[in-house]
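Below: the structure, in structure tokens.
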Amino acid sequence: MPEDDFIDIKFRLYDGSDIGPFRYSSASTIDVLKQRIVSDWPKGKTITPKAASEVKLISSGKILENNKTVGQCKLPFGESTGGVTIMHVVVQPSLAKAKTEKKTDNSQQKIVCSCSIL
């Protein structure tokens, strides 16, 4: 494979730390990148993805779709200089867990304000 068919990608986490850079084929899917992020996630972070489905990758202000390839998501300008592409990582825990936590929070917030405005 020609050298142009590979892209160096670094993943920027919520706290500003990075995973990578790693070299990917331009034919690799976004889903493959997400699986790598989950497997290489640093220990001791307050937020940790349990599965690739909880990870969203953002590049150039766009959320990348799982079925797209790295080559399809490549920036049209400046990437041919051999630089490292930085993708931002957002972790969104699964909805089932979030709904359960939300129900618990609502039951604890039944306190009614007794303030009166004169």
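I want to confirm something. Restricting to the range 84-102 and keeping residues that are polar (S, T, N, Q) and not in a strand (DSSP E or B), which single residue is modelled with the highest pLDDT?
Per the criteria, the residue is Q92.
Those residues that are in a loop (DSSP other than H, G, I, E, B) and open to solvent by 20 Å² or more (accessible area, probe 1.4 Å), I need them from the range 1-20; list them, please.
Residues satisfying the conditions are M1, P2, Y14, D15, G16, S17.
Being hydrophobic (A, V, I, L, M, F, W, C) and at pLDDT below 85 is the requirement here; does M1 meet it?
yes
Does A51 fit the bill of being surrounded by fewer than 15 Cβ atoms within 10 Å (Cβ to Cβ), modelled with pLDDT of 70 or more and over 19 Å from the mean Cα position of the chain (by Cα)? Please lay out each step first, then the result.
Working: surrounded by fewer than 15 Cβ atoms within 10 Å (Cβ to Cβ): yes; modelled with pLDDT of 70 or more: yes; over 19 Å from the mean Cα position of the chain (by Cα): no.
So A51 does not fit the description; no.
Looking only at the range 56-83, how many residues end up being open to solvent by less than 40 Å² (accessible area, probe 1.4 Å) and either modelled with pLDDT of 90 or more or within 15 Å of the chain's Cα centre (by Cα) (or both)?
6
Would you confirm, using the coordinates I've provided, whether S114 is closer than 20 Å to S28 by Cα and at pLDDT below 85?
Answer is no for this residue.
Are there any pairs, at least 6 apart or on different chains, whose C-beta atoms fall under 6 Å, with the first in the range 15-34 and under 19 Å from K62 (Cβ atoms) and the second in a loop (DSSP other than H, G, I, E, B), and if so, which?
Sorted first by the residue in the range 15-34, then by its partner, the pairs are I30/L64; I30/N66; I30/K68; D31/N66.
Have a look at R36, R23 and point out the one that is open to solvent by 80 Å² or more (accessible area, probe 1.4 Å) and within 21 Å of S94 (Cβ to Cβ).
R36 is the lone residue from the list that is open to solvent by 80 Å² or more (accessible area, probe 1.4 Å) and within 21 Å of S94 (Cβ to Cβ).
The values are calculated or read from the model by the stated rules, or taken from the named source; none is laboratory data. For clarity, every value in this text was computed on a predicted model and none was experimentally measured. When we count neighbours, we look across all protein chains shown, and the Cβ atoms used for this are built from the backbone with ideal geometry, even at glycine. Note: accessible area is taken over every heavy atom of the protein model, side chains too, but ligands, DNA and RNA are not part of it. Shrake-Rupley method; radii C 1.70, N 1.55, O 1.52, S 1.80 Å.
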